[in-house]
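The values are calculated or read from the model by the stated rules, or taken from the named source; none is laboratory data. The shown structure was predicted, so the numbers you read here are calculated from the model rather than taken from an experiment. Positions of Cβ are backbone-derived with ideal geometry, glycine not excepted, and every protein chain shown enters the neighbour counts.
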Amino acid sequence: MRHLSSLHRHGIPVLAPLVLLVACSSGGAGTPSAGTPDASAAAGPSADTASPSRVLDADPARLPRDREAALDLIGRVIADPDSFGPGVVRRSPYESGPATWPVLGADCAWHQEKPAGNVLATLTRSFEVPAAQGKGPVRLSAVVTVHRTREDARWEMAESIEETMRCPTQQLQEGERIGSMVSAALLGGESGQTTSEDALSESGQYSSTALGGPHAYVWQQAQSLRFTVAATGKGAEGRTEEEISDLVVQGMATMLVRIESAVEKQS
């Protein structure tokens, strides 16, 4: 997988294969890519659940305790066009409403619904590398979610794996599908994975009525403390998987660094 080789160049390790899912249909499989928190969220894990890596040493006073504070933090850490590199611009609509996030239904299609009760706040932004010189546009997205507890954030990661296994074919939006997915995961500390407590990656094929296909599709998600971040890249004619992966990896790295800077203890 060419896109995984680019992770080391951005300080994010290659993920060891967890599940290999190859769809037999012309569509495919994948994921999209959306009260007062427990004060223990800032603390490290208990001995029986500790990950091998160093957990982000957060300052409890810097962790958001209500929806307003969570939205403020999200606004400071979520990717902007420059986070992905030169040539990336906003798409319209640029931001999702903070009162919605994507949910995979029983029909294996993604729907916008009210965030679950364990979500303090969430936000999605959409971007694009415009078409140029015989290459189609690359569509990108970034998501940051603040959960009420660290365990809730971990459950979101587990559910992301289950979704790929449950739905071998998924519809992103009307006229958009992804498939032939290869999935991988790493816990913190495995194979040099030190940027988050848990990390997931998927690559596969993307098709749409507007851009044709199949084209390269890359999705990544990571969890640190009560936060999850995700980025998606959907390719087009003339765009390589490595090109799409580099964009996604750069966006993810930027958001993870921003989260650490926003909540870690000050020396």
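The table that follows gives values for the structure above.
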read-out: Selection status of Ser196, buried (at least 24 other Cβ atoms within 10 Å of the Cβ), polar (S, T, N, Q), at pLDDT below 90 and under 24 Å from Val119 (Cα atoms); value: yes
read-out: Among residues of segment 213-245, those that are in a helix (DSSP H, G or I), surrounded by fewer than 24 Cβ atoms within 10 Å (Cβ to Cβ) and touching a His at 6+ places or on another chain (Cβ under 8 Å), counted; value: 2
read-out: Residue count for segment 206-251, restricted to those that are within 17 Å of the chain's Cα centre (by Cα) and either within 20 Å of Gly175 (Cα to Cα) or of a type in the set (Gly, Ala, Ser) (or both); value: 15
read-out: When residues of segment 124-150 are limited to those that are more than 17 Å from the chain's Cα centre (by Cα), outside any loop (DSSP other than H, G, I, E, B) and at pLDDT 95 or above, the one farthest from Asp80 (Cα to Cα); value: Lys135
read-out: Candidates Ala106, Ala121 - the one that is among the small types (Gly, Ala, Ser) and surrounded by fewer than 18 Cβ atoms within 10 Å (Cβ to Cβ); value: Ala106
read-out: Lone qualifier among Ala116, Ala121 - being part of a strand (DSSP E or B), more than 20 Å from Val248 (Cα to Cα) and among the small types (Gly, Ala, Ser); value: Ala121
read-out: Residue in segment 154-183 that is farthest from Gly204 (Cα to Cα), counting only those that are part of a strand (DSSP E or B) and not charged (D, E, K, R); value: Gln171
read-out: Residue check for Arg139: surrounded by fewer than 19 Cβ atoms within 10 Å (Cβ to Cβ), within 24 Å of Val248 (Cα to Cα), out of contact with any Cys (no Cβ under 8 Å at 6 or more places or on another chain) and among the basic types (Lys, Arg); value: no
read-out: Segment 251-267: number of residues that are among the polar types (S, T, N, Q) and either in contact with a strand residue (DSSP E or B) (Cβ under 7 Å, 6 or more places away or on another chain) or crowded, with 21+ Cβ neighbours inside 10 Å (or both); value: 1
read-out: Condition met for Thr100 (modelled with pLDDT of 50 or more and among the hydroxyl-bearing types (Ser, Thr, Tyr)); value: yes
read-out: Any hit, segment 189-196, residues being part of a loop (DSSP other than H, G, I, E, B) and closer than 24 Å to Ala106 by Cα; value: no
